[in-house]
Every structure is written in C-alpha cells, then in structure tokens.
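In what follows, a single structure is set out as structure tokens and then discussed.
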Amino acid sequence: MAVWFCAVAVLVLGACGTQVAGRDGGSPSPAVSTPIPWTTTQPSAVTGVRVGDDRRTLLLATQVPSGPHACVRDLKAVLTEPMSDLVRVQVTFVSPSGDRASGCTKERSATARLTLPEPLGGRDVVVDNYTRFTADGAKPPALRLCGKLGCTPPVTGCTAGSYEQALTTVDAPLHTYRNAERCDGKWLVLDISWRTGPACAGSPEPACSARLGDRWFFRAKKSGWEPIARTTDGGCRAVRQREPAFPVSLCASLAPLPPSLHPSHAPSSASPTPAS
C-alpha cells in the first residue's frame, strides 16, 4: 500500500518527497534570466569612405559585431559639427556585443550612409576624431585613408619629419626625445630617450630626470625608414652584423649609450631557508 501511495504521489508532485513552492518554506521559483542590454557603441574600425554620384553622399565602410543572432541595429553616421575645411563624422550603432553571452563575438562589414548639407568638394573626412580620409591622391569615388603621419607623410630623408616617421616604426613611447641623429639620406642612426620619472619640472630630484633610451639603425625604403638593428653599444658591430652595407662613416665613432639608459639589475639571491 505504501509503495502504491508513493507512486501516485510521483504523478502529482513529480517525485516522492518533493516540496511544493509556498509550502513548508519551500524554495522560490527559478529566477527569470535578465535580458542582455543593447547599448550604443562605435565600430571597431572605419576602413573606407566612398563619395556618391551627387558628391553629397558619403558611404562609410565599417566593422561591426556579428553572431548567430541580431547584433546591430540603428547603424548611422552623423556630422558632429558644421562643415568647414573638414567634415567631422561620428558613426554609432546599438548592440548587445558588450556581453559575450550575446554571441556577437565575430565581425562583419557594414555600410553607414550620410548625406551632407552640401557637396564634399576638396574637404577631408575625419571619422570619430582620429581616422582621416582625403581625396588627394585617391582613386574616385573612394577617398584615401591617411596614415599615422597624416595624409602627406614626409619624404624619407634627413629631416625632422622623416625622423618622426622612423620613431613610429619602432613603436617609440610617447614624448620620446631624439638625442642625436646621423643621416646620409639612405642610412640613419637615431639615439632616443624617454622620461620615466614624475612630472616635476624644475626640481633637482634625480627621479624627475630619470630616462630610458635606445639606439636604432635604419635603411631608407619607399615606405619610409625601415629599422635594421637596436643596441646600446658603441661602434658598428651590432648593425653591420645585420646589414654589412651600413656605412662605417655613420657608426665607427659612436660611443656606447650611458648605462643609466639601460640599467641592469643583479638577480635577487634566493631567500634563506628557514631554520627548522
């Protein structure tokens, strides 16, 4: 009889001994999952801009999230200020991609469209404050994407602008100083350093003038200065091991960089074993 009664209870309650929510302090119902929020964000990149036949329409190629479900809505481009010598544009969309549970973990291309109040003319287009496109030297209807050194980078040579290009190729830290340079137009040596101490102008404290630094050797290419070797040593040995054609006249008299620019620290000794 007891076995038969439990079997009937299984049909009613799902299992013998199961508690029903609300009785005898039973556990509450499972919580409903919280919906993933959709938030306004920007593309990971704007890779191209084309100009429509009316010269007023901009078509902006963007990279946006993608996944098995809807990941993007309300993709749009707007002017951030009235047109002047530049056209400043911001691209946004709404997406749940901020939460990886949305499944929007891949990317796809999408086009945002913007109609200008007047023809673009010869103006450059700046997207989200840092990506710039120009018609100068471009093949219509596309605009040309400008690089880190602007739309007209300096010609490779013995000039300050060209040295700045060299620094970008070696990922020099922000606010890097060029301490010295030797250049003949085809080959270049740059001694550089960067501050590592606190901002305390005028203070005699040693930490305020602390620096690190490097010496880099470059060869000229059509795309700009190409790094060859890096060292703190004097003379030509380091660079001529990599490139025997590097002229001795540019490196033979180079002195080693000061040890303070590349401090070395002896390895810490092992901690003594506690006495048992």
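Details
- If the segment from residue 42 to residue 118 were pulled out straight at 0.36 nm per residue, it would be longer than the present Cα-Cα gap by 24.8 nm.
- Amide H contacts of residue 107 (H built 1.01 Å from N, under 5 Å, at least 5 apart or other chain): 66
- Placing pseudo-labels 7 Å out from each Cα toward the beta carbon at residue 175 and residue 210 gives an inter-label distance of 1.4 nm.
- Net length available on complete extension from residue 159 to residue 242 is 27.4 nm, with 0.36 nm assigned per residue and the Cα-Cα distance removed.
- Computed over segment 38-173, Cα set: Rg, Dmax in Å: 17.3, 54
- Pairwise FRET efficiency - residue 73 versus residue 99, Cβ, R0 = 22 Å, nearest 0.05: 0.90
- Cross-link partners of residue 76 among aspartates and glutamates, defined as those whose alpha carbon lies under 18 angstrom from its own and excluding same-chain residues fewer than eight positions apart: 107, 128.
- In a fully extended conformation the segment linking residue 152 and residue 80 would gain 23.5 nm over its present Cα-Cα distance, using 0.36 nm per residue.
- Distance between the pseudo-spin-label points of residue 167 and residue 129 (7 Å out from Cα toward the beta carbon): 2.2 nm.
- Per residue, the accessible area of segment 111-252 comes to 57 Å² when a 1.4 Å probe rolls over the protein heavy atoms.
The values are calculated or read from the model by the stated rules, or taken from the named source; none is laboratory data. Bear in mind the structure is a predicted one, so any value in this text is a computation, not a measurement. Quick reminder, even Gly has a Cβ in these numbers, built from the backbone with ideal geometry, and neighbours come from all protein chains shown. Keep in mind that these areas ignore ligands, DNA and RNA; they rest on the heavy atoms of the full protein, side chains included. Shrake-Rupley method; radii C 1.70, N 1.55, O 1.52, S 1.80 Å.
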